[in-house]
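The values are calculated or read from the model by the stated rules, or taken from the named source; none is laboratory data. All values derive from a computational prediction rather than experimental measurement. Here the Cβ positions follow ideal geometry from the backbone for every residue, glycine too, while neighbour counts run over all protein chains shown. Just the protein is used for accessible areas: all its heavy atoms, side chains included, with ligands, DNA and RNA removed. Shrake-Rupley method; radii C 1.70, N 1.55, O 1.52, S 1.80 Å.
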Amino acid sequence: MMTRSPQGRTSRLTRPSIAVAAAVAVTAGVVAAAPDAKTAEPSPKLSLIAASTSVTLDSWKEDPGVYLDLGTYLTSENGAFELKVTRKSYKDPVLATQVLRNGKKTTTKALPAGLVKDFSGLPDFAQISVTDAAGKTVLKQTEAFCPNNASGRVRPDAPANSKYPQSCPVNPFTLGSVWGVENGWASNTYAGYYAKPVQLAAGTYTAKISVTKKYRDLFGIANKPQTVKVTVRERSWEEGEGSGSAARSAAPRSAKSAAGHQGHGGHEGHQQAADAPAASAHAAHGAPARPEAPAARTTGATPTFNVGHGPYPPAPPALPWALKKESLQRQAFSAAKVGDRPGQTDGSRQAPAAEPDAKRPTGKATVPDVPKPDLRSLPAYGITVSDGYEDVPGKDYLAFSANVWNAGPAKLVVDGFRSPGKELMDAYQYFYDAKGKQVGYTPTGTMEWDPRPGHEHWHFTDFASYRLLKADKKESVRSGKEAFCLANTDAVDYTVKNANWHPDNTDLSTACGQENSISVREVLDVGSGDTYTQDLPGQSFDITGLPNGTYYIQVLANPENRLKETNHKNNSALRKVVLGGKKGARTVTVPAHDLVNAN
């Protein structure tokens, strides 16, 4: 059901934080004297450390601004630092609870009401001040902290892998999340996508980073600010062998400009495709590879490299992302050894697709009495109006993003099998017992190949449908989009029973097959949802002939009830919109949905 985010470019945090290997080596020495995990106390000991005493940051002439990735980390010893963040409904505020584990005993501590406003992290966590060479303070600001950020081990006997998710979700309709820093690990305090560039002239500076007092008091963090020497250097895409107009044209657009055009019909996806080869060619000619300023926004589920089918807006990456093309990655980051290693992830991996069964099932189809998925829809968001551009002049469209998620307690598994020479695959839903053994299956429709730009993968038919309802909630317009590639783009609620914090099938290029695939497996894991963004073909309603007034966008999961699930009564979600304007210049007003005021 996806085509990754309209910003679907695979970027990452700025270059200094990509040297995670060096950071881990430095921090290992810093915390070598920390208590062994076996003598863990009920509360974790949190510390702010700096991976290096100095960093070099780039400011580019073509797009000036410095992103303050200063290489500071929050470490957790004497146990993992874990927070459960949730809301009962969209009428209720977001609440955070600290989870304390001591052997088999688990206790919780409610954090102050109002501490967090959403699921993107702890606001105003880090205090940063920057002074110039003359000692004058030129910058003072606070930044939020996502505990699921870029992380790595700080001692060799720490757990080899972190159990926590790899980013903090920011889908406006997220219901629950888990944040954590694994025992013996460190998480980067840099705010990533949420950080704004600062204007610093080329030169040398001193940055002082500390944890703000409210969090020091709340979590017992020592007041030990870290000092980092900062060198700002001005760079240009005209440096190196790739100078000239070709170099200038190859410069990737900033995240701001990339997000600025999200019209009907996937125009943004087409432009990305055009940008990528130019950028790759530019890197191959030896010009400096520019770190795309803010980290690419991701899904909040796991690292993804999706193009055109992603959440709007997604979360910051868990770690520095590799560049969007392998050639760029080799050119720019070969020295940094980008890739996952024991005890360290850098977000460059793609979560692998689950393999379908070797052959289509035989024997009698059965639907056993075992746990099944529970498909639910989120209200539409990312709602915009546009004309048809040059593709369909004279038309007006209401575009939107939509998400269907799985509340569990079992994952949704659908395999498609293709008979030689046939255009459609036959689809089957599989069922598993508590031990993960397949115990049944049932036919559940078909899968079809979608050749449109922005899709180009196998879609499972009748997974969801979109309808624009009149004020009386009777159908007015139906979207042509009714087939989807299933993938885990968004962490909607990782607090539900059996939620998988590290789902597979997070990337369409692996999850949804190729045109010549003989079979595919599409999975929607427990706790995760699949977002289709408003820039995709089919993610819109033709409103050219509709009168102004109040309407409702309906997102309906499993419309024909072909999929077996635990509850069919919670499959519909409505979002109120008010259309205005005139032909060729239509407007849309999107009222708040209870406490969620995001269009």
- What do you reckon, is GLU522 open to solvent by less than 10 Å² (accessible area, probe 1.4 Å), among the acidic types (Asp, Glu) and at pLDDT 70 or above? yes
- Query: So which strands (runs of 3 or more DSSP E) are wholly in the stretch 127-216 and hold at least 1 residues that are at pLDDT 95 or above and open to solvent by 50 Å² or more (accessible area, probe 1.4 Å)?
  - Reply: 137-145, 203-211
- Item | So GLY580, is it under 30 Å from PRO393 (Cα atoms), modelled with pLDDT under 90 and not aromatic (Phe, Trp, Tyr) | no
- Message: Of everything in the stretch 395-449, what is open to solvent by less than 10 Å² (accessible area, probe 1.4 Å), within 17 Å of ALA365 (Cα to Cα) and not hydrophobic (A, V, I, L, M, F, W, C)? Give them in sequence order.
- Response: ASP415, GLY416, GLN429, TYR430, GLY440, THR444
- Search result, residues across the stretch 87-108 that are among the basic types (Lys, Arg) and at pLDDT 95 or above: ARG87, LYS88, LYS91
- Task: Tell me, yes or no, whether the stretch 74-86 has at least one residue that is open to solvent by 30 Å² or more (accessible area, probe 1.4 Å) and at pLDDT 90 or above.
- Result: yes
- Message: Could you check the stretch 559-583 and list, in sequence order, the residues that are more than 30 Å from ASP369 (Cβ to Cβ) and surrounded by fewer than 19 Cβ atoms within 10 Å (Cβ to Cβ)?
- Response: LEU574, LYS576, VAL578, GLY580, GLY581, LYS582, LYS583
- Is it fair to say SER47 is modelled with pLDDT of 95 or more, over 30 Å from SER236 (Cα atoms), of a type outside the set (Phe, Trp, Tyr) and not in a loop (DSSP other than H, G, I, E, B)? yes
